[in-house]
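Asker: The structure is given below, and queries will be raised subsequently.
The values are calculated or read from the model by the stated rules, or taken from the named source; none is laboratory data. What you see is a predicted model, and the numbers here were worked out from it, not measured in a lab. Note that we place each Cβ from the backbone using ideal geometry, even for glycine, and neighbour counts take in every protein chain shown.
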Amino acid sequence: MNGVEQTELSQLDTICEKAEQIFEGALQEFLVHGYAGTSMDRVATSAGVSKATIYNHFGDKEGLFIALVKRLAQKKYQIFVESHKAELMQAEPAIALRKLANTILDHSMQDQEYLAFIRLVIGESGRFPELAKTFVHNLGKPGIQVLTEYLTNQRYIMIRDPEATARVIIGTLAHYVLLQEILQGKEIVPMERDRMINTLVDLISPNLTSAS
């Protein structure tokens, strides 16, 4: 690697560090003050950077918020699916589904910052539909695609509509998090997670064929 390449890599690292610094500051401000109540001055102070630096990276507040939504969605997708994808693709259906469900619920329901951000995205989605679309595009859609691929390619599982089944599974998990945690419903309509996961597995069990 020559000197020019090293300089370019160093500059990229600096840009990434600055962006991450801005993301961390912006997240705290948006969670505390909401979208409307957050100013670029607040974000700059929280992130420890100049306001000009934020504008150079993201253009405006909406651009920053969309980038933050995309970053968090991609980060959760990496945790939920991508880091376990190879393992899940090789596992038996009942094992894979339990693993996926528990991973999603563990990393959703135990992350209060993530839950608070979901509330924020939902609350702002009426005025800024692109925010919700960005979240779905970077987390919901790829998750459904991976699960659909798994259900389609499993030779021991016979499902008439793999995509619809994947949507039912992901939708059930999302609804569980939404109702139990985001909407504070766990004391009103309690449901043990193992009971819910077992029921999901039972839904596909009649479609399992013998291994012979």
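Asker: With the checklist (1) touching a helix residue (DSSP H, G or I) at 6+ places or on another chain (Cβ under 8 Å); (2) more than 30 Å from F65 (Cβ to Cβ) in hand, flag the one item F128 doesn't pass.
Answerer: (2)
Asker: Assess whether E5 counts as being surrounded by fewer than 17 Cβ atoms within 10 Å (Cβ to Cβ), at pLDDT below 80 and either within 30 Å of L151 (Cα to Cα) or under 24 Å from the mean Cα position of the chain (by Cα) (or both). Walk me through it before giving the result.
Answerer: Working: surrounded by fewer than 17 Cβ atoms within 10 Å (Cβ to Cβ): yes; at pLDDT below 80: yes; either within 30 Å of L151 (Cα to Cα) or under 24 Å from the mean Cα position of the chain (by Cα) (or both): no.
For E5, the condition - surrounded by fewer than 17 Cβ atoms within 10 Å (Cβ to Cβ), at pLDDT below 80 and either within 30 Å of L151 (Cα to Cα) or under 24 Å from the mean Cα position of the chain (by Cα) (or both) - is not met.
Asker: Another one. Would you check which residues across segment 27-39 are free of Cβ contacts under 8 Å to residues at least 24 places away in the same chain and assigned to a helix (DSSP H, G or I) and list them?
Answerer: Q28, E29, V32, H33, A36, G37, listed by residue number.
Asker: Checking the conditions here, which among L88, L105, L97 is of a type in the set (A, V, I, L, M, F, W, C), closer than 21 Å to M191 by Cβ, part of a helix (DSSP H, G or I) and touching a Lys or Arg at 6+ places or on another chain (Cβ under 7 Å)? Explain how you work it out, then say what you get.
Answerer: Numbers: L88 fails: closer than 21 Å to M191 by Cβ; L97 fails: touching a Lys or Arg at 6+ places or on another chain (Cβ under 7 Å).
Only one candidate qualifies: L105.
Asker: Please work out which one of (1) within 20 Å of I95 (Cα to Cα); (2) modelled with pLDDT of 90 or more; (3) out of contact with any Lys or Arg (no Cβ under 9 Å at 6 or more places or on another chain) is the condition I157 fails and give its number.
Answerer: Every listed condition holds for I157 apart from (2).
Asker: Please work out which residue is modelled with the lowest pLDDT, limiting yourself to segment 46-77 and to residues that are closer than 17 Å to L173 by Cβ and of a type outside the set (G, A, S).
Answerer: Of all residues in segment 46-77, those closer than 17 Å to L173 by Cβ come to 73, 76-77.
Next, only the ones that are of a type outside the set (G, A, S) stay: 76-77.
Numbers: K76: 82, Y77: 79.
Here the residue is Y77.
Asker: When the residues of segment 43-65 are filtered to those that are in a helix (DSSP H, G or I), hydrophobic (A, V, I, L, M, F, W, C) and free of Cβ contacts under 8 Å to residues at least 40 places away in the same chain, which remaining residue is surrounded by the fewest Cβ atoms within 10 Å (Cβ to Cβ)? Explain how you work it out, then say what you get.
Answerer: Our first condition is that a residue be in a helix (DSSP H, G or I); within segment 43-65, this holds for 43-47, 51-58, 61-65.
Retained after the next criterion (residues that are hydrophobic (A, V, I, L, M, F, W, C)): 43-44, 47, 52, 54, 58, 64-65.
After this cut, where a residue has to be free of Cβ contacts under 8 Å to residues at least 40 places away in the same chain as well, the list is 43-44, 47, 52, 54, 58.
Working: V43: 24, A44: 20, A47: 23, A52: 10, I54: 24, F58: 21.
So the residue we want is A52.
Asker: Pairs under 6 Å by beta carbon, first residue touching a residue at least 24 places away in the same chain (Cβ under 8 Å) in segment 186-201, partner among the aromatic types (F, W, Y), six or more apart or different chains?
Answerer: Cβ pairs passing all conditions: M196/Y176.
Asker: Here's another thing I want to ask about it. Given (1) more than 30 Å from P162 (Cβ to Cβ); (2) at pLDDT 85 or above, where does L97 come up short, assuming only one miss?
Answerer: Condition not satisfied by L97: (1).
Asker: For a quick check of your reading of the model, give me the residue pairs whose first member lies in segment 148-165 and is of a type in the set (D, E, K, R), whose second is at pLDDT 85 or above, with beta-carbon atoms closer than 9 Å and at least 6 apart or on different chains.
Answerer: Sorted first by the residue in segment 148-165, then by its partner, the pairs are E149/P162; E149/A166; E163/I144; E163/Q145; E163/L147; E163/T148; E163/L151; E163/T152.
Asker: For A164, only one of the following conditions fails: (1) modelled with pLDDT under 90; (2) hydrophobic (A, V, I, L, M, F, W, C); (3) part of a helix (DSSP H, G or I). What is its number?
Answerer: Of the numbered conditions (1) modelled with pLDDT under 90; (2) hydrophobic (A, V, I, L, M, F, W, C); (3) part of a helix (DSSP H, G or I), the odd one out for A164 is (1).
Asker: Can you tell me which condition N102 does not meet? The list is (1) surrounded by 15 or more Cβ atoms within 10 Å (Cβ to Cβ); (2) modelled with pLDDT of 90 or more, and all the others hold.
Answerer: Condition not satisfied by N102: (1).
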